[in-house]
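Peer 1: Quick one: structure below, then a few questions.
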Amino acid sequence: MTTTQRRRVPRYRCLALLSIATALFLALPMRRGQASTEDGADAHLAAGTEAQGIPPHRDSPPDDAGRNDSTPASVVKVHRIQSAGTEYADGDTIIVAVGSKGNTIALTAIPDSGNTWPSVAPTWNDGTEVTDGHASVDWPIVEAGESVVTATCGTSSVTVTILVLDLAVGIRPHISVNQTGITVTATLAGLTPIGGQTISFSSSDLTFSSSTATTDAAGVATVTATASGTPSTGLDAASVTASSGPISATDGFTIVSVGITSASSDSILVGAYTDNSLYTSLLTYTVNPPIAGVPLTFALQSGTGVGYSIAAALENPSASTDASGVGTVRLRSGDLRETATVKCTFGASTATKDVTFTGITGVSCHKKAP
């Protein structure tokens, strides 16, 4: 056997190997073509959508950070309106005292729990003006009256009434030591006087007949009081406070310990019989220490200055002292020669002055004085 004959492969085996190789060759290009076709189609689709302004689809990453889940928007509601640390619900009334020019109160809209305001809310409306995008506003209180204010966010709102009241307390400037029957008044008003409201009075220098009083139709509440204490220098500063709910007012006065002196006795003529005129005399009283504004009262002592048919009389029953502590009263004579005694009073302090009426001759329609 030759070499060529020894290496020859049987024919049936060659045919089998050829068949296997052919099958593998035919299968491989088919897969490559399929992949190329799919990749080409994807590329063509992506190019087309991008050209139309549509971003190509990208598969979302498997982790949570890359998810495209949408979260529903939070709806913010107005919960309360706050002023001076107090929260007010819808329909409540905020009561404040009237302030001087430029005074305001701060109003703050409180959102419901866990929310914050968007940039354009809330809005504020008082019926005439709308303010947008402020959580807080300053509301003027320079005049007594009533206003309705609404804070709104979306479809939610809270409305409150702001009632600005004017409370004034009045008492005389000067009061005598241990003086009784002192009148203290308080007047409460909005746009109009407010009746039926309870006013409380307090003072470390006065003892009140009642610590409270109710305002009448004119908005006035009145109590009486007695002064307490003894000033060490003749004049001590004091004060009284009236309050109604959250508002109050204070007025100052002085408690005065004074002595009253009068000039020496005067003599004046009785009525001139010729013309039936009457003479007058100006009487002076001085308080010590000299204090301006002390209220003096004057009266004729009982049984003096009674006259025959015309009695003596005081032309001014009261007066306040001037800067020198002097108060004056004018006495008109009667028609009879006699003595009239004029008494000056301030609190527990008093002073008297005797005035003698002297007669003159003449003709009179009256019976001649003895």
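Peer 1: Taking the Cβ of each residue in H79, H134 as the centre, tally the other Cβ atoms inside 10 Å and list the residues starting with the fewest.
Peer 2: Least crowded to most crowded, the residues run H134, H79.
Peer 1: Taking 0.36 nm per residue of separation and subtracting the Cα-Cα distance, what length does fully extending A311 through V142 add?
Peer 2: On the way: separation 169, 0.36 × 169 = 60.84 nm, distance 5.47 nm.
Contour length minus the Cα-Cα distance gives 55.4 nm.
Peer 1: Which percent of Cα pairs goes in each bin when the distances of the range 78-165 are cut into 5 angstrom slices starting at zero?
Peer 2: The percentages, shortest bin first, are 3, 15, 27, 27, 17, 8, 4, 0.
Peer 1: How much length is gained if the chain between L235 and I105 is pulled fully straight, taking 0.36 nm per residue apart and subtracting their Cα-Cα distance, in nm to one decimal?
Peer 2: Working it through step by step, the gained length comes to 43.0 nm.
Peer 1: OK, next. Name the residues whose placed amide hydrogens come within less than 5 Å of the amide hydrogen of V306, ignoring near sequence neighbours (fewer than 5 apart) on the same chain.
Peer 2: Under 5 Å from the amide H of V306 lie the amide H atoms of A312, each far enough along the sequence or on another chain.
Peer 1: If packing is taken as the average number of other Cβ atoms within 10 Å across a peptide's residues, how do 114-124, 341-351 rank, most packed first? Mind dumping the intermediate values first?
Peer 2: Values: 114-124: 14.6, 341-351: 19.0.
Put in order of decreasing packing, that is 341-351, 114-124.
Peer 1: Starting from 0.36 nm per residue, how many nanometres of slack lie between Q301 and I95 once their C-alpha separation is accounted for?
Peer 2: Gain in length upon complete extension: 68.9 nm.
Peer 1: Further, regarding this structure: Round to the nearest 0.05 the FRET efficiency obtained for A348 and T214 when R0 = 45 Å and r is the Cβ-Cβ distance.
Peer 2: With a Förster radius of 45 Å, E is 0.90.
Every number here is computed from the coordinates shown, using simple stated rules; none is lab data. Computed from a prediction, not measured in an experiment: that's the story for all the values here. Using ideal geometry, Cβ is built from the backbone for each residue, glycine included, and neighbour counts are taken over all protein chains shown.
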